[in-house]
Amino acid sequence: VSDAWVEVAELKARLVTFFAQQRDEIGNFGSTVNQTFEAFVFAQTVGWYRARGWAIEVQNPRPQKDKPERFRLKFTTRGRPAGFSYVRCTSPDGTEIVQVRHQLRVATRAYREDTYPRSNICLDVAVIRDLSLEHYDTNDHVPNHQLVSFGEAKHMSAFAELIAGFIGLVHELQPERLKRTRSRRRPDQPHPAPFLFVSGHFWRTAEGLNRTIMRRRYDIDVFNKTKALTDAIKLPTEPGLTADVVTMG
Amino acid sequence: MPGENDWLSELPPIVRARFRGLNKYVLAVLDEEYRRDRLRHDDIRRIQIEVAIRVMFEFFNDGAEAAERAVDALQAVGISGFAVGSEVFEGRNRAVMRGKVLAERLTAATGSDERVAPRTELPLRLYILERAKELASVRRMG
């Protein structure tokens, strides 16, 4: 058979052998790959500010006794924010300071303080105004008005429901983003818009939904890999650069 | 006879979930474009397994790429690396390169370099349709 690259059964057997031999390595890889992608998106968010001339200052948690200070990302919804690193960004003219945080809990817009149960969401990447979270507990949230922007990182391909879920998240946190805000006359924004960053492809259902988002001029971005992840996996860290990403509007 | 997804059971559970539904995805694409009837069962199985290898290959490579870029981007802001649990990602150490090594081993194990790897530029859907066309043509030519 001209196209008999290799018999299917033989190929399957090779795959099974490969998985058996590499089981531990694949397990290690699988247990860190999502976090790695989150770390990348966190770093890219910091890079967004850096590329625009903001001063960057890494703030690490106070080291435990006899242990060196170290950079520590959160990677889980649990834990006191003060126990983890964040990056402080100061605008070129020095008038604005924001913090880029990882897995930070932020109150939803409709939540009324001191009511229970609380309504908050842990964000993969949160850009907040400069405030002390020293005394925040694992369940405490940053008030919604302190949220500047945010990003969600998903190491997977996008389907319509995933993007719809992200729009729901934006609706709960910054509903004003879901208006026809992106016009040609709109000046450059000082902060990235809320974004969803998927490492994989857009399934067709996602493409369809994305088009309607663009038409509605929502102030959100959805990044994905277009040709290959290796080329596309970057936020537009240069001003005006949007190549290789899917931007909404 | 082994099930359609028997190879999946060999995967560690943490990554297994990612690859469920791939076979159905292939069928869905073929159905949408009315290509399924032109193929034999064996052809479909072949496309399914090629797609599985390709997606797996990309999964490893993409993870490595994310790790490299995370490390580089953090380094650019003065951070030498990061840790996930006890695993430290720094420079091009073993943790950073693990995905690349696995992708290479997968290629070596399946011999997929000629057939699958170069075509990762093609969107998955197009890849499926392209392969369906090729295999149907082979069938026609007898």
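At-a-glance table
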read-out	value
Theoretical FRET efficiency, 1/(1+(r/R0)^6), r = Cβ-Cβ of B:Lys133 and A:Ser119, R0 45 Å, to 0.05	0.30
Least to most buried among B:Val29, B:Val101 (fewest other Cβ within 10 Å first)	B:Val101, B:Val29
Dmax and Rg, reported as Rg then Dmax, of region A:111-198 (C-alpha, Å)	14.7, 43
Ranked A:His141, A:His191, A:His102, criterion: other C-beta atoms within 10 Å, fewest first	A:His191, A:His141, A:His102
Computed E for B:Arg16/A:Val58 - FRET, C-beta separation, R0 30 angstrom, nearest 0.05	0.25
Value in Å of the Kirkwood radius, where chain B supplies the Cα pairs that are averaged	17.1
For the protein assembly as shown: span of alpha carbons on each principal axis (Å, largest first)	73, 53, 41
Helix B:124-141 vs. chain B, principal-axis angle (Cα, 0 to 90°, nearest 10)	30
Paired Rg and Dmax values of region B:13-55, which use every Cα atom, in angstrom	11.2, 36
Chain B: relative contact order in percent, alpha carbon pairs under 8 Å with at least 6 residues between	28
Simple label model, 7 Å out from Cα along Cβ direction - A:Met156 to B:Ala108, nm	3.2
Inter-probe distance in nm under a simple model that places probes 7 Å from Cα toward Cβ, at A:Glu176 and A:Arg216	1.9
Debye-sum result for region A:81-235 in log10 I(q)/I(0), which assumes one identical scatterer on each alpha carbon, at q = 0.13 Å⁻¹	-0.67
When the convex hull of its Cα atoms is projected in every direction, mean area for region A:1-126 (nm²)	15.7
Least to most buried among A:His135, A:His155, A:His171 (fewest other Cβ within 10 Å first)	A:His135, A:His171, A:His155
Hydrodynamic radius by Kirkwood, which averages 1/r over all alpha carbon pairs of region A:85-159, in angstrom	13.5
Convex hull volume per residue in cubic angstrom - Cα atoms of region A:14-63	102
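Read the figures in this text as sums done on the coordinates, not as results from a lab. The shown structure was predicted, so the numbers you read here are calculated from the model rather than taken from an experiment. Counting neighbours? That spans all protein chains shown, and the Cβs are built from the backbone with ideal geometry, glycine included.
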